Amino acid sequence: MGCGSCSTGGGCAPAGCKSNGSCLTGGCQKMEVHDWLSNLDMPSNYKPFQIIEVKFKGSRKEFFVNSDDIYLEIGELVAVEGPTGGYDVGHVSLTGELVRIQLKRRKVQASQVTRKIYRKATEADVEKWKIAKGLEWETMHRARTLALDLKLSMKISDVDYQGDRTKATFFYTAEGRVDFRELIKKMAEAFRIRIEMRQIGMRQEAGRLGGIGSCGRELCCSTWLTNFKTVSTAAARYQNLSLNTLKLAGQCGKLKCCLNYELDTYLDALKDIPDRIDALQTEIGVARHQKTDIFKKLMWFSYANQEDWIPLKVDRVKEIMAMNKRGEKPSNLKDEAIELKTSAPVEKVHDYENVVGQDSLTRLDEKNRRNNRNNRNRNDRGKGNQGTQKPQNQNKQGQKPQEKPQNQRPQKTAEAKANDQAPKTQAEAQGTEQKRNNRNRNKNRHKNRNKNQSENPNNG
């Protein structure tokens, strides 16, 4: 999550505020709601709604009464009444008539909201709040050490200090009930503050800590998702997903919440698909069901010992099922197969045209490759001629053999000469002529280019 104070701290790694959505700049945009009524003109006798929604660390949002009618805007820091005395500091997340809708959505009566907003946060309040937030990381690690010493089966995942630094709430996860009375005594002696222990689930823990999901985006529970619905493996079966727990589970260890996002669309599409169908009876045999395309309304069947699958429409499958119930069988499903449209290959059209007669970028590579091939053939031909010669270490009179001149080329055999003198075919002659024309054209182009550069040296 980025904010206005994030910057690169040397190298490529971003520094960031690392406050997980509770920075002072208001740029993290975590769990934020857009006030779409802010630009509307209200009636002259309109009285603003007194209840204000305030956001705290993580995804915690609470309602407070603005009894003193303080003018507040979204994003401002305010000092509010604490749940057990003292005061806390948070950001104003919503004002006006949208708060009334939020109360109705959360099923909270306006008369149940009793805690008040004291004032806008002063510099002293903000400084004290910053010091309290800076102690959370160290406090969490010390609390984990105390829990390990007492051998408690619990994981303390986060600590939230109150704005006046008189109380700390410890969030933990555990499989069952934990007797942490001795732990609270030790933490009260170590930190000298009031302690509150609050057990949360795996999903709430992931929402508080944040992270990146398998989709490459931030976790939904840490950005916009406020309520968690039950997710079952039936949602994966309806969407034809593989029942692999490693792929279906999120960072919290539970099934991903996004499995429910498109579930209603799949359920509506499955209403027209026949349920519990395994095979169709035909005159030539039994056709087994292989797969179903829910949105195209197609079903594939195949006969035994045959690799090709037969696509049929859902309406026709229902008719065949009704025929089988009456004891009737169709002749062959292949006669009723649907011809699937195959997309024709699209020819690649280049978005440029060689209008200035520029050479290819790989012309030098092709020239070097051709030279290497010629050198290799010449070396192989020389090795073959040397192998046919008989070694002559000494002549008949015991004299030394005469040394051959180094620049003398190996003599061609009669067969090689005959091949060179053989008339070339028309295709070979045309290819040789085309290569010669290309070579002459390139030479003329280079001469013209050098001539233009010498005449106009300033045209870089």
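Per-structure values
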| item | result |
| --- | --- |
| Residue in segment 33-43 that is modelled with pLDDT of 90 or more and in contact with a helix residue (DSSP H, G or I) (Cβ under 7 Å, 6 or more places away or on another chain) present | no |
| Checklist (1) within 24 Å of the chain's Cα centre (by Cα); (2) modelled with pLDDT of 50 or more applied to Ala13, failing item | (2) |
| Selection within segment 323-335 - on the phi < 0 side of the Ramachandran plot, surrounded by fewer than 17 Cβ atoms within 10 Å (Cβ to Cβ) and out of contact with any Asp or Glu (no Cβ under 9 Å at 6 or more places or on another chain) | Met323, Asn324, Lys325, Arg326, Glu328, Asp335 |
| Residue tally, condition surrounded by 16 or more Cβ atoms within 10 Å (Cβ to Cβ) and touching a helix residue (DSSP H, G or I) at 6+ places or on another chain (Cβ under 8 Å), over segment 282-302 | 6 |
| Verdict on Tyr261 being surrounded by fewer than 13 Cβ atoms within 10 Å (Cβ to Cβ) and either among the small types (Gly, Ala, Ser) or under 31 Å from the mean Cα position of the chain (by Cα) (or both) | yes |
| Restricting segment 123-139 to residues that are free of Cβ contacts under 8 Å to residues at least 40 places away in the same chain and not charged (D, E, K, R), the residue that is farthest from Ala190 (Cα to Cα) | Ala124 |
| Helices (runs of 4 or more DSSP H) contained in segment 180-279 and holding at least 2 residues in contact (Cβ under 8 Å) with a residue 24 or more places away in the chain | 181-191, 202-209, 233-238, 263-269 |
| Any hit, segment 69-83, residues being at pLDDT 90 or above and among the small types (Gly, Ala, Ser) | yes |
| Complete set of residues in segment 158-189 that are within 33 Å of the chain's Cα centre (by Cα) and farther than 22 Å from Lys130 by Cβ | Tyr172, Thr173, Ala174, Glu175 |
| Subset of segment 59-72 (residues that are farther than 11 Å from Gly90 by Cα and not in a strand (DSSP E or B)) | Ser59, Asn66, Ser67, Asp68, Asp69, Ile70, Tyr71, Leu72 |
| Cross-chain or 6+ apart pairs with Cβ under 7 Å, segment 310-331 first and within 12 Å of Trp300 (Cα to Cα), then surrounded by 14 or more Cβ atoms within 10 Å (Cβ to Cβ) and among the hydroxyl-bearing types (Ser, Thr, Tyr) | Ile310/Ser302 |
| Test: Lys107 is within 38 Å of the chain's Cα centre (by Cα), on the phi > 0 side of the Ramachandran plot and loosely packed, with under 12 Cβ neighbours inside 10 Å | yes |
| Those residues of segment 140-179 which are without any contact (Cβ under 8 Å) to a residue 60 or more places away in the chain, crowded, with 17+ Cβ neighbours inside 10 Å and touching a Phe, Trp or Tyr at 6+ places or on another chain (Cβ under 7 Å), in sequence order | Ala143, Leu152, Met154, Ile156, Ser157, Val159, Ala168 |
| Test for Gly201: is it in contact with a Gly (Cβ under 9 Å, 6 or more places away or on another chain) and within 27 Å of Val159 (Cβ to Cβ) | no |
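The values are calculated or read from the model by the stated rules, or taken from the named source; none is laboratory data. Keep in mind that this is a model prediction, so the values were computed, not measured. Neighbour counts are summed over all protein chains in view; Cβ atoms, including those assigned to glycine, are modelled from backbone coordinates with ideal geometry.
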